[in-house]
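Peer 1: Have a look at the structure that comes next, please.
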Amino acid sequence: MTMERILRATGEVIAERGTEKAGINAVAEKAQVNKVLIYRYFGGWNGLVEAYVQRGFFLSMFNEKYLESVPENVPAADRSKVWSEYAINLMREFRSRKSSQDLVRWEMSHGETELAKRIAQFRDASYEKMIKKLAPFPEFDPNAISVLILGGITHLTLLSTQRESVMDIDLRSNDGWDRIEKAIRRVYSSLNHSLEQAREAK
C-alpha cells in the first residue's frame, strides 16, 4: 500500500538524517513516489509526521487498533504483570527505533512549535486512554506514576547513546537493561500490593 510505504520511508529517513534534516523530497525518494502524492495524502511535512505518529509507526501502541486491544478490569492477580509488561515492551520498542528517539530529541528542542505540541498532545491522550483502562484507580494517581516511569524510560534510552553507564547500570549491555526491567516489575508489584492493602483496609 502506497500510504504505508510512505510512512515507513518517513521513519527510515528520520533514522538516517535526523528529524531536522528530513523532508518531503527525501521521503519521496526513499518511498519511490512523486512528492505530489505525499502532499495529496498528508498536506505537507507536518501532516506526514503527525500521521507517522498517530498510525503506530512512531511506536506501535500509539494507534486506535492497539488501544482497543488494551484489557479493562484486569484481575488483581494479573495486574502487576500487565502493567510491567506494557512499560517494558514500550521501552524495548523505543530502544529499537532510532527514528522515534530522534523525533523525541527534536520535540524536546522544538517544544514551542505547533507540530511538537500536536505530537505531544496526541501521545499524552493515548497514554491517558490506556491508563484509564489498565489502572482505573484515581486515588493512586496513576498518571503521575506513569509519567515517572515513562520519563525514566525516555531519559535512559536517550542517555544510552551518550553514556555507557549510570552508576553501575551498564546502558550498553543486555545485563544492564535486564536490571532496569526487573526494577520496573518490582515497582509495579509493590504498587499493586499497596493498592490491594488499601482496598482491604476499607
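What follows draws every value from the coordinates through simple rules; no lab data is involved. Not measured: the values here are computed from a predicted model. So basically every Cβ, Gly included, is an ideal-geometry build from the backbone, and we count neighbours across all protein chains shown.
Peer 1: Based on the Kirkwood radius over alpha-carbon pairs, what value in µm²/s does the Stokes-Einstein equation return for the translational diffusion coefficient of the chain at 20 °C and 1.002 mPa s?
Peer 2: The diffusion coefficient I find is 116 µm²/s.
Peer 1: Summing -39500 (n - 2.57) over the DSSP H runs of n ≥ 4 in the chain and dividing by its residue number, what mean residue ellipticity at 222 nm do you reach, to the nearest 500 deg cm²/dmol?
Peer 2: -24000 deg cm²/dmol
Peer 1: Using only the alpha-carbon atoms, what does segment 1-93 span along each of its principal axes? Please give whole angstrom values in decreasing order.
Peer 2: 53, 23, 20
Peer 1: Identify all lysines with a Cα-Cα distance to residue 98 below 25 Å; exclude those on the same chain that are fewer than 8 residues away in sequence.
Peer 2: Hits, sequence-local ones excluded: 21, 30, 35, 65, 117, 182.
Peer 1: Considering the options 121, 162, 66, tell which one lies farthest towards the positive end of the dipole of segment 44-202, charges being +1 on Lys and Arg and -1 on Asp and Glu at the Cβ, about the Cα centre.
Peer 2: Checked the options; the winner is 66.
Peer 1: Could you pull out every residue, at least 5 positions away or on a different chain, whose amide H is within less than 5 Å of the one on residue 170? Hs are placed 1.01 Å off N in the peptide plane, and Pro or chain starts have none.
Peer 2: Result for residue 170 returns 176.
Peer 1: Now for a separate question. I want to verify the translational diffusion coefficient of segment 94-202 in µm²/s; compute it with Stokes-Einstein, Rh as the Kirkwood radius over Cα pairs, at 4 °C and 1.567 mPa s.
Peer 2: 81 µm²/s
Peer 1: Taking 0.36 nm per residue of separation and subtracting the Cα-Cα distance, what length does fully extending residue 186 through residue 129 add?
Peer 2: Result: 18.1 nm gained on full extension.
Peer 1: How far apart, in nm, are two points set 7 Å out from the Cα along the Cα-to-Cβ line at residue 72 and at residue 3?
Peer 2: Rounded to a tenth, the inter-label distance reads 2.7 nm.
Peer 1: When the chain is fully extended, how far beyond the present Cα-Cα distance does residue 60 get from residue 168, taking 0.36 nm per residue of separation?
Peer 2: 35.8 nm
Peer 1: Report relative contact order for the chain in percent, whole number only (criteria: Cα-Cα under 8 Å, sequence separation at least 6).
Peer 2: Relative contact order for the chain comes out at 23 percent.
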